[in-house]
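Visitor: Just dropping this structure here.
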Amino acid sequence: MTNEHTPSFYLQEAYHLARELEQLPPDAPERSRTADEALCAAETAVLTARRTFGGLLEKGRQGKALRLAPRAPALTGTVSVTREGWTVIRLDTLLQNARRRTTGYIENSLLELLRQWRGRGGVLPWYRHAFVAITEHTDRKGGNAYDPDNREWKAVTNALKGVLFEDDDQFTVSLILDAVPDGKGCTEIMVLPYHEAAVYLSGRNFGKDTAANRSKP
């Protein structure tokens, strides 16, 4: 699937695939494939709509806000910077399965969250050597448990490259992938100086929100 069509095309595709998925029996062998196609169409629709309609959210030539301006953005998540200089990003979705088609939704969503943070006057730290901890808040229900090499974690470091650190090579970024079995369905990304990694790990409380349980340097 490519982005050669209009947003309405992908929205219609996502709608019809979702309807088809909802009507399939629970034991239907094509459920996984249809779910993958529905998610891909929905995510592509969001990205295409953002590129196509993003300019409409700006103020018009006469200074009047356009009708679409008050609407909430298509993504949800938060960005914050602690007083210790750690960047905390919460994305209200899990990472994609790397064995299936990816749409760039995770990377684009992270970039948009960071842009919004800066737009509100937020200042992002710069890390010469970063420690990145990606924690999925998930469970084993619904097939959400995967081997780390099957998770699309590269989208995270690709988005942060050039924003929080210079590159995502092994000398600039040290990375861990983790999970908390609480079923919240979100992904927490912690970025901090490498030399403070021990502080973060020692303050981690398994089974609880890692940002809320970090130790203070």
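Visitor: Given the structure, is residue 132 open to solvent by less than 40 Å² (accessible area, probe 1.4 Å) and at pLDDT 90 or above?
Guide: Criteria met by residue 132.
Visitor: Of everything in the range 154-185, what is in a helix (DSSP H, G or I) and free of Cβ contacts under 8 Å to residues at least 60 places away in the same chain? Give them in sequence order.
Guide: Across the range 154-185, the qualifying residues are 154, 157, 158, 159, 160.
Visitor: For the range 96-124, what are the residues that are of a type outside the set (A, V, I, L, M, F, W, C), more than 15 Å from the chain's Cα centre (by Cα), open to solvent by 30 Å² or more (accessible area, probe 1.4 Å) and at pLDDT 85 or above?
Guide: Across the range 96-124, the qualifying residues are 118, 119, 120, 121.
Visitor: Would you check if there is a residue in the range 193-214 being over 13 Å from residue 86 (Cβ atoms), crowded, with 16+ Cβ neighbours inside 10 Å and modelled with pLDDT of 90 or more?
Guide: The answer is no; no qualifying residue exists.
The values are calculated or read from the model by the stated rules, or taken from the named source; none is laboratory data. In this text, all values refer to a predicted model and were calculated from it rather than measured experimentally. Every residue, glycine as well, gets a Cβ built from its backbone with ideal geometry; the counts of neighbours run over all protein chains shown. Quick note on the areas: whole protein, heavy atoms, side chains included, nothing else; ligands and nucleic acids left out. Shrake-Rupley method; radii C 1.70, N 1.55, O 1.52, S 1.80 Å.
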